[in-house]
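K.L.:
Below is a structure I'd like to ask you about.
Each reported figure results from applying straightforward, stated rules to the coordinates on display, with no laboratory input. This structure is a prediction, so every number in the text was calculated from the model and none was measured. Positions of Cβ are backbone-derived with ideal geometry, glycine not excepted, and every protein chain shown enters the neighbour counts.
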């Protein structure tokens, strides 16, 4: 919902949805994949 809100309020297209967190519950990974969310442990490894 945050991505939809951002797209509407900024009048832009959301290309990617990402989460940067050092700790992610293993149960959240398949949920994130099904929602099209990329998960990263460090901001340095996020590719443009």
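K.L.:
Considering segment 25-42 alone, what residues qualify as being part of a strand (DSSP E or B) and either under 8 Å from the mean Cα position of the chain (by Cα) or on the phi > 0 side of the Ramachandran plot (or both)?
P.N.:
Those that are part of a strand (DSSP E or B) and either under 8 Å from the mean Cα position of the chain (by Cα) or on the phi > 0 side of the Ramachandran plot (or both): 37, 38, 39.
K.L.:
On the given criteria, is residue 26 free of Cβ contacts under 8 Å to residues at least 60 places away in the same chain and touching a strand residue (DSSP E or B) at 6+ places or on another chain (Cβ under 6 Å)?
P.N.:
Answer is no for this residue.
K.L.:
Consider residue 14 carefully, then state whether it is at negative phi, touching a helix residue (DSSP H, G or I) at 6+ places or on another chain (Cβ under 7 Å) and either without any contact (Cβ under 8 Å) to a residue 12 or more places away in the chain or not in a strand (DSSP E or B) (or both). Lay out the reasoning, then the answer.
P.N.:
On the way: at negative phi: yes; touching a helix residue (DSSP H, G or I) at 6+ places or on another chain (Cβ under 7 Å): yes; either without any contact (Cβ under 8 Å) to a residue 12 or more places away in the chain or not in a strand (DSSP E or B) (or both): yes.
In short, yes.
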